[in-house]
């Protein structure tokens, strides 16, 4: 691992564990065993460093959504895949998810800041995917008629809660994934239209 990678990984670990405010570039430098100017050689300042990590974290998250084929044979199968992504993404990269879900919300007070920008992008992208799935399901008759916008917003809140709950690790989440999928199936899918889903 080269010096820049080492600095990046250490910064990621510290920002994830301590948050933005509590992490200093001097701490990062000491943990890597370099001088603080060495950190500034690779990253202009603390905010630029955090922004780089934030961009990579959001790329990871968006790539997971894009990589999953959400154009499954049925609308509910697409929703099922999207739900499963949100149960797996935290386990796949908890440090990135800590950055997005814990360190970033504390920085949403700046309307032009990188956290606000990423949150807007994520909300727009997820709402579009959910809206498309809901329109597809209601148009085909697979789903019960629903208020598309309100249902998409409710599902967004549920996905956000699912990821926060996993990061907090306060509860035993065994069975929550299958319960969430069953709940959505019961709430949305018309009787007799339920697809066979993977376990």
Worksheet, complete the sentence: In the stretch 32-46, residues that are surrounded by 14 or more Cβ atoms within 10 Å (Cβ to Cβ) and within 24 Å of residue 101 (Cα to Cα) total 2
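One line per residue, one yes/no per condition, for (1) under 21 Å from residue 177 (Cβ atoms); (2) modelled with pLDDT under 90; (3) crowded, with 19+ Cβ neighbours inside 10 Å:
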position	(1), (2), (3)
53	no, no, yes
58	no, yes, yes
64	yes, yes, no
67	yes, yes, no
75	yes, no, yes
79	yes, no, yes
86	yes, yes, yes
91	yes, yes, no
Worksheet item: Among the residues of the stretch 183-195 satisfying the criterion of being in contact with a helix residue (DSSP H, G or I) (Cβ under 9 Å, 6 or more places away or on another chain) and modelled with pLDDT under 80, which is surrounded by the most Cβ atoms within 10 Å (Cβ to Cβ)?
Response: 193
Item to complete: Would you mind stating whether residue 29 is in contact (Cβ under 8 Å) with a residue 60 or more places away in the chain, outside the structural domain of residue 169 (by TED's automatic domain parsing) and either buried (at least 18 other Cβ atoms within 10 Å of the Cβ) or closer than 30 Å to residue 180 by Cα (or both)?
Response: no
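The values are calculated or read from the model by the stated rules, or taken from the named source; none is laboratory data. No experiment lies behind these values; they were computed from the predicted model shown. In this analysis, Cβ positions are derived from the backbone assuming ideal geometry, glycine residues included, and neighbour counts consider all displayed protein chains.
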